[in-house]
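Colleague: Below are the structure tokens for one structure; questions will follow.
The values are calculated or read from the model by the stated rules, or taken from the named source; none is laboratory data. Quick caveat: nothing in here was measured; it's all calculated off a predicted structure. For neighbour counting, all protein chains shown are included, and Cβ atoms are generated from backbone atoms with ideal geometry for every residue, glycine included.
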Amino acid sequence: MWTDGGAAIALAPDFWTTSQTIDALAKRDIPQFFRLVQRETGVTQTRLGVAVGLSQAQVSEVMSGSRRVSSVDVLARIAEGLAMPVAARSALFMGSRVPASGVAVADHDAGSEVTAVYAARGLVSRPSWNDVVLHANRHLWLYGMAELGYALDDDVPDLVERAAQRGCDIRVLLLDPEYSGAADVDAGEGSPPGTLATRTRAALARYQQMKDAAGPAMQIRVFSAPPTVSVVRGDDHMIVTPYLRFFVGGNSPTMELRRATGKMFDRYVKHVQRTWDDAKEWTP
């Protein structure tokens, strides 16, 4: 989980539907949102920090306004640590003041490969992401710019090691932190120069630790080309996020796929395979 061992804080369902909560989330007014959580639950700053992966000092700085929360990773930790329902995630990641699921579920039995569509990547719960890894027996692929969500999740190293023990083909394929176009991505997302490269290096360091534990079943490569999509594959289950210019990844539409031979799933497999073939092995 994202909570460094702390259990998620349980909030009453009605809390998430109040105008105060929705407005705070839609405005990304995290200081006000934390105050609302404290008023509702009586938790201390320390307990709140444990749930969302921040120190007590960081929570205090956020609530005083001296620390601004804009990172999608931190917002995702807040959503996960407070067991935020989908409608509230929609407000946080999409700025919608009208509670809406932001999720469409397709009928896979009717022949569609698409089993779910999310208006924003941030609406996909952490358990949904990890479910792809948990049930992989043949192929476990993580392809994207940094895939930092998996890299920082404390549950993932064990899941990866167990996948390796099952004989899984584990591939991590990330953007080369030295790629010259990374600066354009930072500029498009409104991030300080070097943000993407820093995130990618941090992710690669974590994945290298996993590789050391998993052994030869796990490989890490980096590619140097304009990033177009994130693909997370576990056998015949896939989560796909196209990269949209001028949007951070957490705001990009996302879909879940279940394989049907010769259709969309196989096209993404081919895309990742070709990129993998052209990529170079990562050496720390």
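Colleague: Taking the residues in region 7-28 that are in a loop (DSSP other than H, G, I, E, B) and out of contact with any Gly (no Cβ under 6 Å at 6 or more places or on another chain) as candidates, determine which candidate is modelled with the lowest pLDDT.
Modeller: First, pick out the residues of region 7-28 that are in a loop (DSSP other than H, G, I, E, B): 7-12, 18, 27-28.
Still in the list and also out of contact with any Gly (no Cβ under 6 Å at 6 or more places or on another chain): 7, 9-12, 18, 27-28.
Values: Ala7: 59, Ile9: 82, Ala10: 81, Leu11: 90, Ala12: 90, Thr18: 89, Lys27: 86, Arg28: 88.
Restricting to residues being in a loop (DSSP other than H, G, I, E, B) and out of contact with any Gly (no Cβ under 6 Å at 6 or more places or on another chain), the top hit is Ala7.
Colleague: If you don't mind, another one. Out of Val232, Val272, I need the residue that is part of a helix (DSSP H, G or I), touching a strand residue (DSSP E or B) at 6+ places or on another chain (Cβ under 8 Å), buried (at least 18 other Cβ atoms within 10 Å of the Cβ) and modelled with pLDDT of 95 or more. Which one?
Modeller: Details: Val232 fails: part of a helix (DSSP H, G or I).
That would be Val272, the only listed residue that is part of a helix (DSSP H, G or I), touching a strand residue (DSSP E or B) at 6+ places or on another chain (Cβ under 8 Å), buried (at least 18 other Cβ atoms within 10 Å of the Cβ) and modelled with pLDDT of 95 or more.
Colleague: Next question, about the same structure. Considering only residues that are surrounded by fewer than 17 Cβ atoms within 10 Å (Cβ to Cβ) and either acidic (Asp, Glu) or in contact with a helix residue (DSSP H, G or I) (Cβ under 6 Å, 6 or more places away or on another chain) (or both), which ones fall in region 237-269?
Modeller: Arg245, Phe246, Arg258, Asp266 - these are the residues of region 237-269 that are surrounded by fewer than 17 Cβ atoms within 10 Å (Cβ to Cβ) and either acidic (Asp, Glu) or in contact with a helix residue (DSSP H, G or I) (Cβ under 6 Å, 6 or more places away or on another chain) (or both).
Colleague: Tell me which residues, restricted to region 207-229, are surrounded by fewer than 19 Cβ atoms within 10 Å (Cβ to Cβ) and under 26 Å from Asp155 (Cβ atoms).
Modeller: Gln208, Gln209, Asp212, Ala213, Gly215, Pro216, Ala217, Gln219, Arg221, Val229
Colleague: Would you check which residues across region 38-97 are touching a residue at least 40 places away in the same chain (Cβ under 8 Å) and small (Gly, Ala, Ser) and list them? Explain how you work it out, then say what you get.
Modeller: First pass over region 38-97, keeping only residues touching a residue at least 40 places away in the same chain (Cβ under 8 Å): 47, 50-53, 69-70, 72-73, 75-85, 87-88, 91-97.
Passing the criteria: Ala51, Gly53, Ser70, Ala76, Ala79, Gly81, Ala83, Ala87, Ala88, Ala91, Gly95, Ser96.
Colleague: Of the conditions (1) under 23 Å from Ala260 (Cβ atoms); (2) hydrophobic (A, V, I, L, M, F, W, C); (3) modelled with pLDDT of 90 or more, Met145 satisfies every one except a single condition; which number is it?
Modeller: Tallying (1) under 23 Å from Ala260 (Cβ atoms); (2) hydrophobic (A, V, I, L, M, F, W, C); (3) modelled with pLDDT of 90 or more, Met145 fails exactly one: (1).
Colleague: Across region 87-119, which residue is surrounded by the most Cβ atoms within 10 Å (Cβ to Cβ) among those that are at pLDDT 75 or above and in contact with a strand residue (DSSP E or B) (Cβ under 7 Å, 6 or more places away or on another chain)?
Modeller: Residue satisfying both the conditions and the ranking: Tyr118.
Colleague: A further question follows. Can we say Val59 is closer than 18 Å to Ile9 by Cα, modelled with pLDDT under 90, not assigned by TED's automatic domain parsing to the domain that holds Gly190 and not small (Gly, Ala, Ser)? Walk me through it before giving the result.
Modeller: Working: closer than 18 Å to Ile9 by Cα: yes; modelled with pLDDT under 90: no; not assigned by TED's automatic domain parsing to the domain that holds Gly190: yes; not small (Gly, Ala, Ser): yes.
Criteria not met by Val59.
Colleague: Which residue out of Tyr150, Tyr143 is under 15 Å from Val132 (Cα atoms) and part of a helix (DSSP H, G or I)?
Modeller: Numbers: Tyr143 fails: part of a helix (DSSP H, G or I).
Every option except Tyr150 fails the conditions.
Colleague: Given (1) among the polar types (S, T, N, Q); (2) assigned to a helix (DSSP H, G or I); (3) closer than 24 Å to Gly249 by Cα, where does Gln209 come up short, assuming only one miss?
Modeller: All conditions are met except number (3).
Colleague: Contact list please: Cβ distance under 6 Å, first residue in region 174-186 and outside the structural domain of Ser230 (by TED's automatic domain parsing), second residue surrounded by fewer than 18 Cβ atoms within 10 Å (Cβ to Cβ) and in a loop (DSSP other than H, G, I, E, B), pairs at least six apart or on different chains.
Modeller: Hits for this filter: zero, empty list.
Colleague: Among the candidates Asp23, Asp73, single out the residue that is within 28 Å of Thr200 (Cα to Cα) and of a type in the set (Asp, Glu).
Modeller: Numbers: Asp23 fails: within 28 Å of Thr200 (Cα to Cα).
Testing whether each residue is within 28 Å of Thr200 (Cα to Cα) and of a type in the set (Asp, Glu) leaves just Asp73.
Colleague: Take the conditions in a strand (DSSP E or B) and under 17 Å from the mean Cα position of the chain (by Cα) and apply them to Leu196. Does it pass? Spell out how you get there, then give the answer.
Modeller: Details: in a strand (DSSP E or B): no; under 17 Å from the mean Cα position of the chain (by Cα): yes.
Criteria not met by Leu196.
Colleague: Here is a list of conditions, (1) surrounded by 23 or more Cβ atoms within 10 Å (Cβ to Cβ); (2) in contact with a strand residue (DSSP E or B) (Cβ under 8 Å, 6 or more places away or on another chain); (3) farther than 19 Å from Ala205 by Cβ, and Val132 meets all of them except one; can you say which number that is?
Modeller: It fails just one condition, (1).
Colleague: Moving on to the next point. Do you know which of the residues in region 241-269 that are assigned to a loop (DSSP other than H, G, I, E, B) and of a type in the set (A, V, I, L, M) is farthest from Val86 (Cα to Cα)? Reasoning before the result, please.
Modeller: From region 241-269, those assigned to a loop (DSSP other than H, G, I, E, B) are 243-248, 252-253, 259-263; that's our starting set.
Filter once more, keeping what is of a type in the set (A, V, I, L, M): 244, 248, 260.
Numbers: Leu244: 22, Val248: 19, Ala260: 28 Å.
Among those that are assigned to a loop (DSSP other than H, G, I, E, B) and of a type in the set (A, V, I, L, M), it is Ala260.
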